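Note sheet for the following structure.
Please treat every number below as a calculation from the coordinates, not as lab data. In this text the structure is predicted, and so the values were computed from the model without any measurement. So basically every Cβ, Gly included, is an ideal-geometry build from the backbone, and we count neighbours across all protein chains shown.
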Amino acid sequence: MDAASALRIGRNSSGRDEMRPGRGLNGGMDRRRVSRRSGRRLPPRVRRIATCYAIGAVLLVGWVVYLGSALPQQSVVEHWNVAWVGFDVLVVVALTFTAVLAWRRDRHVVMPAIATATLLVADAWMDVTMSSGRDLVASIVLALCVELPLAALSILVAAAALGDLSRNRSARPRVAVAPRADDDRDRGHEREIRSA
């Protein structure tokens, strides 16, 4: 069986060939083969997850508006040093995981790299917005020269790792799919069978 036919086994509801490599978050649909224009609906699980995120975003907009009007301009905070030291420890842990996995060229570098970028952007934002006087100048310099460039580098590392993953997938052994006969609930789904 050649590579092209190994990837095209299985028919979708419209009768066209389709590869279904698994049943992860995308419900077994290969996003490269199924577009929004094809008329296929998202699987229920994906719709529920997307709906939860959309509701969360709408609720958060209301919360941000409320906080903008309700929070005081100044506040005395207990355990300020614990909060910042704890946050900076998280940044150190994320940077360490990203560095170790990047050195090992491990495909799992994507998650810590994205976490590192997120934490560095949040750190820069909080440093700049909570500083004044000379501390503000130092915070701006640190954000522009260290934190934001490292965040951008972390995003590039994650993107490169994702690119490597997609290239490596094409180099893996080809997969043939066959109907699953042992489970009535999943009759419409197919499973992978590694071809030798």
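Quick notes
- Of all residues making up region 143-164, the number that are surrounded by fewer than 17 Cβ atoms within 10 Å (Cβ to Cβ) and without any contact (Cβ under 8 Å) to a residue 40 or more places away in the chain: 10
- Qualifying residue in region 92-111 (condition: free of Cβ contacts under 8 Å to residues at least 12 places away in the same chain, over 19 Å from the mean Cα position of the chain (by Cα), surrounded by fewer than 10 Cβ atoms within 10 Å (Cβ to Cβ) and within 25 Å of Ala161 (Cβ to Cβ)): yes
- Selected residue [under 24 Å from Trp80 (Cα atoms), in contact (Cβ under 8 Å) with a residue 40 or more places away in the chain and in a helix (DSSP H, G or I)] from Ala117, Ala138: Ala117
- Of the set (1) over 30 Å from Val157 (Cα atoms); (2) surrounded by 10 or more Cβ atoms within 10 Å (Cβ to Cβ); (3) of a type outside the set (Ser, Thr, Tyr), all apply to Val46 but (1).
- Scanning region 87-114 for residues that are acidic (Asp, Glu) and assigned to a loop (DSSP other than H, G, I, E, B) yields a single hit, Asp106.
- Annotation note: of Ser132, Ser139, the sole residue that is over 22 Å from Asp164 (Cα atoms), surrounded by 15 or more Cβ atoms within 10 Å (Cβ to Cβ) and among the polar types (S, T, N, Q) is Ser139.
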